[in-house]
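Just so it is clear, none of the values below were taken in a lab; they were calculated from the coordinates. Treat the numbers as computed from the prediction; the structure is a model and nothing was measured. Cβ placement follows ideal geometry from the backbone for every residue including glycine, while neighbour counts extend to all protein chains displayed.
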Amino acid sequence: MPTSTRFAVAVHTLAALAVSGGKPLRSEDLATSVNTGPVVIRGLLSRLADAGLTKSQLGAGGGALLAKPADRIRLLDVYRAVEDTELFAMHRTPPSAVCPVGSNIQEAMRPVLERARKALETELSKVTIADIAVEVSRLGKFALPDR
């Protein structure tokens, strides 16, 4: 089963906005960085804007901007904005009610999956877009622009 790349692409997009020094970035430029189409980026920017994480500047020289400081955008905020937060799906069709395993498997799994979801959310809440931008900067050996 394929997994979604929305979260990774959204973090990439927000990190690019964070290192832009407050300069608006066009969806075409963000798409080039991500190596995807501008339509994909515009869809993510729409979700991120709905969550209050990005905003648009219209007109010549316009583009996407962070709606709040990068150090106030947690990865958990991004995850909730772009992903289905139901991390694990149960069976598409109900398991057999007459089978001892089938009749009890979902209830047996539910607490474990809930703990796994909470652990993921706890970790994502500890990291901000600013943290990612600093790491990208360090790895790329360039300095973040002064704000």
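Values for this structure:
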item	result
Three-way shape call for the range 33-107 based on the alpha-carbon gyration tensor, with the a/c threshold at 1.5	prolate
Radius 15 Å from Cβ of G61, net charge of other residues (Lys, Arg +1; Asp, Glu -1)	+1
For the chain: lysine pairs under 20 Å (alpha-carbon distance), excluding those fewer than 8 apart on one chain	5
Nearest-0.05 FRET efficiency for A108 and A60, computed from C-beta distance (R0 41 Å)	0.10
Simple Cβ-charge dipole of the chain, Lys/Arg +1 and Asp/Glu -1, about Cα centre, in debye nearest 20	200
Residue (of G22, A89, C99) at the positive-pole extreme of the chain, dipole from beta-carbon charges	G22
Derived scalar couplings ³J(HN,Hα) [the range 101-118; Karplus, 6.51 cos²θ - 1.76 cosθ + 1.60; whole Hz; x for Gly, Pro]	6, x, 6, 10, 4, 5, 5, 5, 7, 3, x, 5, 5, 5, 5, 5, 4, 5
Extension gain (nm, one decimal) between L120 and S137, 0.36 nm per residue minus Cα-Cα	3.6 nm
For the range 23-30, Karplus couplings with θ = phi - 60° (6.51, -1.76, 1.60), whole Hz, Gly/Pro x	7, x, 10, 6, 4, 5, 5, 5
Packing-based order for 111-117, 87-93, 36-42, using average beta carbon neighbours within 10 Å, highest first	36-42, 111-117, 87-93
Helix-only CD estimate at 222 nm, as mean residue ellipticity for the chain, using -39500 (n - 2.57) per DSSP H run (n ≥ 4)	-16500 deg cm²/dmol
Likely footprinting exposure, D71, D77, fewest C-beta neighbours within 10 Å first	D71, D77
Ordering of 18-27, 98-107 by packing [mean C-beta count within 10 Å, highest first]	18-27, 98-107
Furthest towards positive pole of dipole, Y79, G37, G63, structure part the range 1-92, Cβ charges	G63
Three-way shape call for the range 17-72 based on the alpha-carbon gyration tensor, with the a/c threshold at 1.5	rounded
Tilt relative to the chain, helix 129-140 - C-alpha long axis, 0 to 90 degrees, to 10	70
Global geometry of the range 1-44, whether rounded, prolate or oblate, following the gyration tensor of its Cα atoms and the 1.5 cut on a/c	prolate
Surface/4 of the Cα convex hull for the chain, nm²	10.7
